[in-house]
Amino acid sequence: MISIIEPKDEMELLPALKQWLQNDEHRLGLITSLDGKQLVTLLLDLASRQAKCWITEFAGDSYRSFTSSVPQAHWFERALFDMYGLLPKGHPRLKPALLNEAYSGIFAPLRSLAEHDEGKSYERDLSYMDVGGEGVYEVPVGPVHAGIIEPGHFRLSCMGERILNLEIRLGFLHRGVEKRLTEVPLTKTRFIAEAVASDTAAANAIASAQAIESLAGLVVPEKAVCLRALALEIERLSMHVCDLGGMAADLGCGAISAAFSRLRGSVFRLGELLSGSRFLRAYILPGGVARDADRYLAEFARTLKPLRKELNVVIDSFISDAMVLERLDGVGVLSPAFAKEFGLVGVAGRASAVSYDVRKVFQNKILPEPRIRFESAGDALSRTKIRVFEIGTSLDLIEQLLASLPSGPIAVAAPELLVPDSIAVGIVEAFRGELIHMISTDNKGRIKRYAVKDPSLNNWTGLAIAVRNNFLADFPVCNKSFGLSYSGHDL
Amino acid sequence: MILTSANLVFIVTLTIMPFLLIGVIKKIKACFQNRVGPPVFQSLYNLVKLFNKDEILSKDCSWIFRSGPLISFSGMLLLCLSVPWLPLQPPVPGCDIFLFVYVLALIRFFSIISSIDAGSPFSSFAASREATLSFLAEPAFVLALVALGISAHSSDLALIFGQPIENNRIPLSVWFFSGLALFLSGIVELSRMPIDDPSTHLELTMVHEAMVIENSGPNLALVEWSYALKLLLFFGLIAQCFVYSLSKIIALPPLLLPLSVLVVMLALGCLTAMIESFSVKLSWGKNPDFIAYAVSMSLLSSLAAFAMNGGS
């Protein structure tokens with residue numbers, strides 16, 4: 001959708017933002033900049049289903065930090081410092097978020113070349129929080145891990161078997177995605193958008209397509225809207241099954257984990273029948289979808305039918321096991337107050353009483369609405385229960401979409417020109433939560449700035465808080481219950 | 001040490017059985033996960049591979065780190081040759097309960113300090129966990145053996161285990177409860193589920209695997225080999241407890257005794273694999289509760305030993 005643009009004075013910004021967030025129907029989408037000379041604050045109004053951008057011009061390369069009053073601005077300000085070298089004055093704890101030790105202080109990927117040539121260097125504080133006291137020791141974990149997962153460094157300060165503090169350092173996967181997205185021709189954008197986080201390929205492609213379509217004034221055919229929703233739910237189903245299997249493996253239930261892996265294969269099969277790709281790659285494009293699945297629908301229904309029954313058997317034997325319940329209950333608690341303050345989204349948010357789901361607010365009106373459930377305990381068990389529930393709703397939605405699939409074209413011609421001097425956003429409920437792609441165009445209609453906000457950016461802080469005072473040996477369970485993305489965060 | 005037929009059986013099974021046990025456990029776990037699993041003797045092939053590899057040493061570690069695995073291995077080999085883990089007299093006679101317990105403690109002491117010596121935070125906290133767990137589980141293990149000793153009127157392991165059935169004076173209840181106590185404390189000592197997950201990749205949850213995380217090459221081979229011998233030793237003692245309990249109920253022909261102990265050892269391997277496939281690893285805070293079961297079994301066994309002894 002095209003966002004409303006409002007200029008906002010630097011002095012007014014913080015009080016206005018605080019007031020905006022007092023309303024439960026309002027959310028902070030993201031904070032970024034277009035070219036390092038202004039702040040763009042994207043705000044979402046859930047009641048009127050609108051997005052608006054406050055543009056705040058400021059002089060020099062520093063601005064007043066929000067973090068102390070608006071904690072969810074914390075990671076956005078860190079990212080701004082990394083990307084543009086913009087210094088938030090009065091930030092309580094400014095650390096790199098997207099870049100690691102390997103990058104020199106001159107490197108700020110989104111600064112203009114002219115500014116780069118001035119050779120301004122930024123002091124990056126790479127120290128870790130020093131937790132004092134007798135018997136406190138540090139355990140460094142990562143960035144290279146024993147399992148096949150992405151790189152991230154966790155610095156755990158422990159007292160005996162208890163975790164006192166966790167500091168998360170990411171940025172080992174910085175690929176220059178946002179910069180690259182402004183350089184490639186419009187026809188290639190979708191491939192890069194998908195690769196932001198490949199396990200969220202469909203959601204990223206949809207968000208990217210939505211933003212481009214709003215800027216081109218395209219109306220997507222109804223059938224394509226439904227096929228996209230189908231792809232999104234297949235992705236959610238696939239990843240929730242994968243995350244449950246990962247949780248089972250971490251608890252040591254090898255047999256159940258193996259059963260989940262097998263069933264995930266069946267979900268991949270659904271994706272392949274729909275899109276021709278097991279990971280739903282290269283399927284969604286601005287204007288519609290790439291292939292009509294009509295002749296595979298019979299086979300699709302045949303694969304879907306036994307899946308729910310088999311999934312129920314495995315899920316029941318996992319989630320009703322007394323030992324599993326005991327193991328997850330009360331582990332990694334994130335209180336609803338913290339979840340609200342840090343703006344948590346998705347599964348982790350809904351497990352801590354944040355009832356926000358993009359599908360309820362921003363999705364196309366022709367699509368069936370999902371049932372939403374939220375818990376308030378905020379522990380690993382609640383997050384697992386929410387995942388189990390969402391597997392059910394995804395299966396329901398897939399069945400509903402399949403039963404009422406409209407006929408007609410699957411795509412309209414791809415856009416060539418975009419509206420100049422505008423900002424558009426695509427918002428999708430990816431399996432991890434609210435995913436935002438924001439595109440701003442220059443006066444010739446070219447993409448000037450492409451910003452991506454992965455749900456993980458909101459939720460990593462939640463993990464750091466949730467593990468406090470838990471057993472060191474429970475850290476993997478907490479981490480898995482959040483199930484966050486490294487590549488989606490690192491861009 | 002004289003080469004009798006009993007000794008020959010000991011030595012042949014000593015070379016095959018540890019790897020067979022590990023292989024059987026892995027194979028059954030794989031079956032429950034719809035996998036083919038590694039070949040049964042894969043752990044033996046791994047040893048050969050590891051012995052041919054180079055070793056990487058931390059520049060901070062001392063001779064303790066190098067010699068720890070060697071001490072464990074030689075200690076385990078000594079115990080395997082002097083403890084009757086088959087119902088036959090062992091090649092090296094005269095192993096006392098307390099010698100057995102203290103050699104195990106010595107091995108543990110050296111494996112703990114050698115893992116701390118490596119200086120990695122993982123191996124250090126794992127060493128602390130190992131110390132805590134063994135400190136909790138040791139009473140169960142010692143009491144179970146002492147109960148058997150009281151009933152047999154001797155602390156010589158060769159007079160408790162490895163006796164012909166007709167000489168066996170230990171009552172059924174003592175055999176059975178000691179067997180259970182040894183099995184439960186064996187799960188702790190051998191770092192099996194639900195206390196420790198030997199197949200996990202998560203360093204932060206490990207005990208045994210994280211302790212040896214810095215070992216590589218021949219050093220690691222010795223660690224794995226001594227673990228295999230420890231498995232054999234424990235399963236051998238536990239299997240004898242159950243076979244002797246069984247012999248109190250049904251008459252077993254004396255010749256069948258060694259064979260049935262081997263079968264029970266494999267059955268214990270199956271049981272371990274089942275537990276590992278279907279149970280959930282306990283939270284660290286719940287481990288003492290689990291060990292309490294082992295301790296109560298050994299207390300029951302001691303009570304039975306005293307009661308029966310007073311009666312006779």
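Each reported figure results from applying straightforward, stated rules to the coordinates on display, with no laboratory input. These numbers were taken from a predicted model, which means no experiment stands behind them. Using ideal geometry, Cβ is built from the backbone for each residue, glycine included, and neighbour counts are taken over all protein chains shown.
Across the range B:94-185, the convex hull enclosing all Cα atoms gives 90 Å³ per residue. Counting Cβ atoms of other protein chains within 10 Å of each residue's Cβ and taking the mean over peptide A:149-160 gives 1. Taking a ≥ b ≥ c as the square roots of the eigenvalues of the Cα gyration tensor of chain A, is the shape rounded (a/c under 1.5), prolate (a/b larger than b/c) or oblate? Since a/c reaches 1.5 but b/c is at least a/b, the shape of chain A is classed as oblate. Ignoring aspartates and glutamates fewer than eight residues from A:K309 along the same chain, the ones with Cα atoms less than 15 angstrom from its Cα are A:D396, A:E399.
Helices of chain A meeting both criteria, an alpha-carbon length of 30 angstrom or more along the long axis and an average Kyte-Doolittle score not below 0.5, with helices taken as full DSSP H segments, are A:222-251, A:254-275, A:380-403. Look at the alpha carbon pairs under 8 Å that are at least 6 residues apart: their mean separation over the length of chain A gives a relative contact order of 18 percent. Within chain B, the whole DSSP H helices whose Cα atoms reach 15 Å or more along their own axis and whose mean Kyte-Doolittle score is at least 1.6 are B:5-32, B:97-117, B:172-189, B:257-278. Calculated over the range A:362-437, the projected area of the Cα convex hull averaged across directions stands at 7.6 nm². Working note: Debye formula, equal point scatterers on the alpha-carbon atoms of chain B, no solvent; log10 I(q)/I(0) at q = 0.07, 0.09, 0.13 Å⁻¹ is -0.26, -0.44, -0.95. Checking the table A:K385/A:K453; A:K188/A:K448; A:K8/A:K52 against a 18 Å threshold on Cα-Cα, which pairs fail? With Cα atoms farther than 18 Å apart: A:K385/A:K453. When the convex hull of its Cα atoms is viewed from all sides, the range B:39-122 shows a mean projected area of 7.8 nm². Remark on the range B:9-61: ratio of C-alpha radius of gyration to 2.2 N^0.38 Å is 1.51.
Normalising by the residue count of the range B:184-226, find the relative contact order in percent from Cα pairs under 8 Å and 6+ residues apart.
21 percent.
Straight-line reach from B:K53: taking Cα to Cα under 20 Å and skipping same-chain neighbours fewer than 8 places apart, the aspartates and glutamates in range are B:E209, B:E214, B:E224.
Other chains near B:203-212: what is the mean number of their Cβ atoms within 10 Å of each residue's Cβ?
So the per-residue partner count for this stretch is 4.
Highest average first, the peptides B:297-304, A:379-386 ordered by how many other beta carbon atoms sit within 10 Å of their residues are A:379-386, B:297-304. Across peptide B:277-289, the average count of Cβ atoms from other chains found within 10 Å of a residue's Cβ is 6. Taking a ≥ b ≥ c as the square roots of the eigenvalues of the Cα gyration tensor, the range B:104-151 is prolate, since a/c reaches 1.5 or more and a/b is larger than b/c. The Cα atoms of the range A:333-491 define a convex hull whose projected area, averaged across directions, is 11.4 nm². Annotation note: chymotrypsin sites (Phe, Trp or Tyr not before Pro) in the range A:295-341 located in DSSP loop regions with a Cβ neighbour count of at most 11 within 10 Å are absent. Taking trypsin sites (Lys or Arg not before Pro) across the range B:1-36, the ones in a DSSP loop with at most 15 further Cβ atoms lying within 10 angstrom of their Cβ are B:R35.
With an 8 Å cut-off on Cα pairs and a minimum separation of 6 or more residues, tell me the relative contact order of the range B:125-284 in percent. Could the numbers behind the result be given before it?
Working: 146 pairs, mean separation 44.5, N = 160.
Over the range B:125-284, the number comes to 28 percent.
Straight-distance candidates among the lysines for linking to B:K49, with alpha-carbon spacing under 27 Å and chain neighbours fewer than 8 residues away dropped: B:K26, B:K27, B:K29, B:K59, B:K230. Let me know the whole percent of all Cα-Cα pairs from the range B:164-312 that are separated by more than 24 Å. Summing the P(r) of the range B:164-312 above 24 Å gives 42 percent of all pairs.
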